[in-house]
Amino acid sequence: MGLGAATEAPVEQAPADEPNVTPEEQAAYEQFVTNGLSIIYPQGDAGEPVSQQVLDALNASDDPVLNLATATNTIVTQLEKSASGAGMAIDEEILVAGGAEIMEVLATVSETAGFHEYSQEDMDRATVAAMDMYVQQAQQEGRVEQQALADSFMPVAEADAAGKLDQVLPPEAVDAIRLLEEQQGAEQ
């Protein structure tokens, strides 16, 4: 029987309240986010004074979306380089999901500081911009080869073609991709 045949039993999916990650993956994600928070709040827990460098990055230009994307990319890249220097690699899924959570925290910091209140569209645009910055920087620094990058995005492209993008990416990333596709369509 071939894939997708009508007589095959449907694939069971985990209930929404059960994570579909291993305990090791969850621990790595939590460590990634905790390390990101230690950059944002160098003196301790959320609510403690925010790093002046983070505040400066979130208010660096007149474009708050670009500021948010740049600050997020800077922290994610710093975390990845730190892990690499320690001989560890961070899975792409953790980079994306953890980066999205770090971006949410940075948006809240920016809003609390009175810099900008982010709409969902702003967040989507910032996500696309941060991902683009990350990929360009990784290519320039030789941290990723063109073929490896193409290979890593193949499952995403296949899921998109099958209408199942939400099964391989977090909702923020799916929204950002849809927004980018709309913008590209409008430019043509």
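The values are calculated or read from the model by the stated rules, or taken from the named source; none is laboratory data. If you're wondering where the values come from, they're calculated on a predicted model, not measured in any experiment. Using ideal geometry, Cβ is built from the backbone for each residue, glycine included, and neighbour counts are taken over all protein chains shown. Surface areas here come from the heavy atoms of the whole protein model, side chains and all, with no ligands, DNA or RNA. Shrake-Rupley method; radii C 1.70, N 1.55, O 1.52, S 1.80 Å.
Scan region 23-37 residue by residue and report those that are farther than 12 Å from ILE75 by Cα and either open to solvent by less than 60 Å² (accessible area, probe 1.4 Å) or touching a residue at least 12 places away in the same chain (Cβ under 8 Å) (or both).
Selection gives GLU25, ALA27, ALA28, TYR29.
Show the residue pairs meeting these rules: Cβ distance below 8 Å; 6+ apart or different chains; first residue within region 106-128 and within 15 Å of GLN52 (Cα to Cα) and in contact (Cβ under 8 Å) with a residue 60 or more places away in the chain; second residue part of a helix (DSSP H, G or I) and open to solvent by 20 Å² or more (accessible area, probe 1.4 Å).
Close Cβ pairs (under 8 Å, with a partner that is part of a helix (DSSP H, G or I) and open to solvent by 20 Å² or more (accessible area, probe 1.4 Å)) amount to VAL109/LEU55; ALA113/LEU55.
Take region 55-75 and flag every residue that is assigned to a loop (DSSP other than H, G, I, E, B) and open to solvent by 70 Å² or more (accessible area, probe 1.4 Å).
ASN59, ALA60, ASP62
So GLN78 passes all but one of these: (1) surrounded by fewer than 20 Cβ atoms within 10 Å (Cβ to Cβ); (2) assigned to a loop (DSSP other than H, G, I, E, B). Which condition number does it fail?
With respect to (1) surrounded by fewer than 20 Cβ atoms within 10 Å (Cβ to Cβ); (2) assigned to a loop (DSSP other than H, G, I, E, B), GLN78 is out only on (2).
When region 33-54 is examined, which residues are found to be outside any loop (DSSP other than H, G, I, E, B) and more than 20 Å from the chain's Cα centre (by Cα)?
Residues satisfying the conditions are GLN52, GLN53.
Could you check region 92-165 for helices (runs of 4 or more DSSP H) lying wholly inside it with 2 or more residues that are open to solvent by less than 30 Å² (accessible area, probe 1.4 Å) and modelled with pLDDT of 95 or more?
92-112
If the requirement is being within 15 Å of the chain's Cα centre (by Cα) and among the charged types (D, E, K, R), which of these qualifies: GLU30, GLU121?
After applying the criteria, what remains is GLU30.
Go through (1) modelled with pLDDT under 95; (2) closer than 25 Å to GLU25 by Cα; (3) open to solvent by less than 50 Å² (accessible area, probe 1.4 Å); (4) not in a loop (DSSP other than H, G, I, E, B) one by one and return the number of the condition SER84 breaks.
For SER84, the exception is condition (3).
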